[in-house]
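Read through the structure below, which is laid out as structure tokens, and then see the notes.
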Amino acid sequence: MSDLYNHGTGDVLVSRPSDGVLLITINRPERYNSLTMPMFDELSEIWADVERDDQTRAPFALRLSDAPAYEAVRTRYRKIFAGSDFMQWLIDRNSLVERGEATTGCLVCYFESRWKHVGVCTVGARVTSKWGTYPLYEHELAEVPDLYGDCVRFFERPSRTEALSLFRTYALQFLSAQEFDNA
């Protein structure tokens, strides 16, 4: 799990000033920030990375994105975050209670062969989810990119306290309890 946005011609600068925000800066003031063909190619790679970015989806759905303990671990240990590996770990361990149908407030998980995307079911079986670094998006159940797969499952949404406890258990595979608690 490396930082996807590891580009850098120097003309295109990419940073994450805060969780869920990706800042792209065109850095050619001497040319009035005009774009070259290599810069277009780099921007295309960055947008492809945004599509693969799972650092923003699950934290929103699991209520972790503004939890100080989660943010401290994610910031200090950049490779440990509530992304696709964490979601798959939850599902593989049966840590989420599966529901037979969509109910308001439940998690809506999309699968291909593995977990791909998660959102929260709202009124009328609509889904609110986070796509890459974009703002929250409300959409119909089936209104997702094909790459999210064609299997949809529904799970009870854990409380923030439960989600943080599950994340701690997951993170302790990689960190000692002291490292987690001191993050």
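The condition of being under 29 Å from L23 (Cβ atoms) and not assigned by TED's automatic domain parsing to the domain that holds L23 holds for only one of V127, V152, V123, that being V127. If you scan region 153-183, which residues turn out to be of a type in the set (A, V, I, L, M), in contact (Cβ under 8 Å) with a residue 40 or more places away in the chain and farther than 22 Å from C106 by Cα? Of everything in region 153-183, those that are of a type in the set (A, V, I, L, M), in contact (Cβ under 8 Å) with a residue 40 or more places away in the chain and farther than 22 Å from C106 by Cα turn out to be A171, L175, A183. Out of region 97-127, which residues are at pLDDT 90 or above and among the hydroxyl-bearing types (S, T, Y)? T103, T104, Y110, T122, listed by residue number. When only residues in region 17-31 that are of a type outside the set (V, I, T) and outside any loop (DSSP other than H, G, I, E, B) count, which is modelled with the lowest pLDDT? That would be L23. Among the residues of region 144-166, the ones that are over 17 Å from E112 (Cα atoms) and not in a loop (DSSP other than H, G, I, E, B) come to 7 in all.
Restricting attention to region 90-139, the residues that are within 24 Å of L164 (Cβ to Cβ) and acidic (D, E) add up to 2.
Within region 130-142, the residues that satisfy the criterion of being outside any strand (DSSP E or B) and under 18 Å from the mean Cα position of the chain (by Cα) are W131, G132, T133, Y134, P135. N94 meets all of the listed conditions (1) part of a strand (DSSP E or B); (2) free of Cβ contacts under 8 Å to residues at least 40 places away in the same chain but one, namely (1). Inclusion of R74 among residues that are under 13 Å from the mean Cα position of the chain (by Cα), at pLDDT 80 or above and not small (G, A, S) is warranted.
For every residue, the table says whether it meets (1) at pLDDT 90 or above; (2) surrounded by fewer than 17 Cβ atoms within 10 Å (Cβ to Cβ).
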residue	(1), (2)
E138	no, yes
V144	no, no
L147	no, yes
L164	yes, no
A171	yes, no
A177	no, yes
N182	no, yes
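The values are calculated or read from the model by the stated rules, or taken from the named source; none is laboratory data. Predicted, not measured: the structure shown is a model, and the values here were computed from it. As a convention, Cβ positions derive from the backbone with ideal geometry for all residues, glycine included, and neighbour counts pool all protein chains shown.
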